[in-house]
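A.B. asks: This is the structure I have questions about; it appears just below.
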Amino acid sequence: MRQQFAQEPEEESNIDITPMLDVVFIMLIFFIVTATFIKEAGIEVNRPDAATAVKQEKANILVAIGPNNDIWIDRRQVDIRSVRPNIERLHAENPQGSVVIQADKESKTDTLIQVMDAARSAGVYNVSIAANEQ
């Protein structure tokens, strides 16, 4: 006698990754919203030391002056004549921001004064000069 066994269909086991994708997308949105974006002037400068240096919180417009008196704004080298329009544009994007000038130790004071004058003529009177804390 032959016995016939009824073969039961095997259950297919599928992994549902939809909840995992939801969690990943929520985490991505969370990190994008909470991330702080650091603005850089464009070059690394050797700032002078100062005993009274204080950290500036809302420094949104960074201007760097290199050792060869080259001026950098938003990672682009600019001419002294275009400093004012660039600062006006950046100040229009964020009116509460201030200007921080990162001048190298080897740069000339004349270039620093010209950048400060351009910032003030652009309507930004909160101008600071970056220094290292001692």
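A.B. asks: Mind giving me the nanometre distance, one decimal, between the label points for S82 and S13, set 7 Å out from Cα along Cα→Cβ?
C.D. replies: About 6.3 nm, to one decimal.
A.B. asks: Based on alpha-carbon atoms only, what is the radius of gyration of region 71-134 relative to the globular estimate 2.2 N^0.38 Å?
C.D. replies: Here the answer is 1.08, to two decimals.
A.B. asks: Where the only charges are on Cβ atoms (+1 Lys, Arg; -1 Asp, Glu), what is the dipole of region 85-134 about its Cα centre, to the nearest 20 debye?
C.D. replies: Dipole about the Cα centre, nearest 20: 80 debye.
A.B. asks: Highest mean first, what order results for 20-29, 93-102, 65-74 on Cβ atoms within 10 Å?
C.D. replies: 65-74, 93-102, 20-29
A.B. asks: Follow-up question, since we're still on this one. Would you mind computing, in nm to one decimal, how far apart the modelled labels at F31 and R47 are, each placed 7 Å from Cα along Cα→Cβ?
C.D. replies: The modelled label-to-label distance comes out at 2.9 nm.
The numbers here are math on the coordinates, done by the rules we state, and not lab data. These numbers come from a predicted model, not from an experiment. Methodologically, a virtual Cβ is constructed for each residue, glycine included, from the backbone with ideal geometry; neighbour enumeration extends over all protein chains shown.
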